[in-house]
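Remarks on the structure that follows.
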Amino acid sequence: MKKVFLLSIVACLFIACLPKGPERYTQNSPEIDTIKKLIANYDSKAFDTSMYADTSKTYYNTKDNPMSPSETMDYHKQTDTNYSSRSFMEEGQEYEMVVTDDGETWVNCWLDWKGTLAANNKEVTIPIHLTYQFVEGKIVREVGYWDPSEVVLTLQQIEAEAKMAEENTASE
């Protein structure tokens, strides 16, 4: 019995000393720091593609028609024309890094975005989910999902009102 007990203690010590595999889930990593820097760059309108691999693909609210890193920055610049201000809210940001069963490294983040439409000063807050795949410290895939309905409908309404006003002015 004494031998079984000692053997059990030795086995436990041996198992405890074995090297652990890579961490599969964390909320602190260099990759998360990269995404926080990317978010800060977005907020300050510093459109930097250095965090992306040259072959990176970005998908926003779609599974088709990916954008390259430079096209992604152009997309942000183009949509910025609709807003007098916009940024991700600091409160409630959540980040996690996971390593999948296939060994892929992904950073997920859940953020609230707030923008003020330039045309009518309407404030819009949208919850957004972004996920980034990393290979060798670079973003190789970005996927973002959010509901743009409020912004799209408001911009359509503004455009329709402007068109009606133009037509009324032309008919006078």
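The values are calculated or read from the model by the stated rules, or taken from the named source; none is laboratory data. Just so it is clear, the model here is predicted, and its values are computed rather than measured. Backbone-built Cβ (ideal geometry, glycine too); neighbour counts: all protein chains shown. What goes into the accessible areas is simple: the full protein's heavy atoms, side chains included, and nothing from ligands, DNA or RNA. Shrake-Rupley method; radii C 1.70, N 1.55, O 1.52, S 1.80 Å.
Applying a threshold of 8 Å to beta carbon distances and a minimum spacing of six or more residues, or different chains, the list of pairs starting in region 102-120 at a residue that is touching a residue at least 12 places away in the same chain (Cβ under 8 Å) and ending at one that is among the acidic types (Asp, Glu) and in a loop (DSSP other than H, G, I, E, B) reads Asp112/Glu91. Among the residues of region 84-113, the ones that are open to solvent by 50 Å² or more (accessible area, probe 1.4 Å), among the acidic types (Asp, Glu) and closer than 17 Å to Glu142 by Cα come to 2 in all. Of all the criteria given as (1) within 19 Å of Ile35 (Cα to Cα); (2) open to solvent by 60 Å² or more (accessible area, probe 1.4 Å); (3) not in a strand (DSSP E or B), the one not satisfied by Ala119 is (1).
Can you name the residue in region 130-139 that is assigned to a strand (DSSP E or B) and open to solvent by 50 Å² or more (accessible area, probe 1.4 Å) and, of all such residues, is nearest to Thr72 (Cα to Cα)? Spell out the reasoning first.
Initially, region 130-139 is screened for residues assigned to a strand (DSSP E or B), giving 130-135, 138-139.
Imposing the further condition that a residue be open to solvent by 50 Å² or more (accessible area, probe 1.4 Å) reduces the set to 135, 138.
On the way: Val135: 19, Lys138: 15 Å.
Across region 130-139, the extreme among qualifying residues is Lys138.
Total residues in region 140-164 satisfying the condition of being surrounded by 12 or more Cβ atoms within 10 Å (Cβ to Cβ) and within 19 Å of Thr116 (Cβ to Cβ): the figure is 9. Going residue by residue through region 62-83, is there one that turns out to be touching a strand residue (DSSP E or B) at 6+ places or on another chain (Cβ under 6 Å), open to solvent by 60 Å² or more (accessible area, probe 1.4 Å) and farther than 20 Å from Lys37 by Cβ? Looking for residues that are touching a strand residue (DSSP E or B) at 6+ places or on another chain (Cβ under 6 Å), open to solvent by 60 Å² or more (accessible area, probe 1.4 Å) and farther than 20 Å from Lys37 by Cβ, one finds none in region 62-83, hence no.
Each residue in region 119-172 was checked for being of a type in the set (Val, Ile, Thr) and within 17 Å of Ser84 (Cα to Cα), and 7 pass.
Residue pairs whose Cβ atoms lie under 8 Å apart, separated by 6 or more positions or on different chains, with the first residue in region 42-55 and touching a residue at least 24 places away in the same chain (Cβ under 8 Å) and of a type in the set (Gly, Ala, Ser) and the second in a strand (DSSP E or B) and open to solvent by less than 60 Å² (accessible area, probe 1.4 Å), are Ala53/Ile139; Ala53/Val140.
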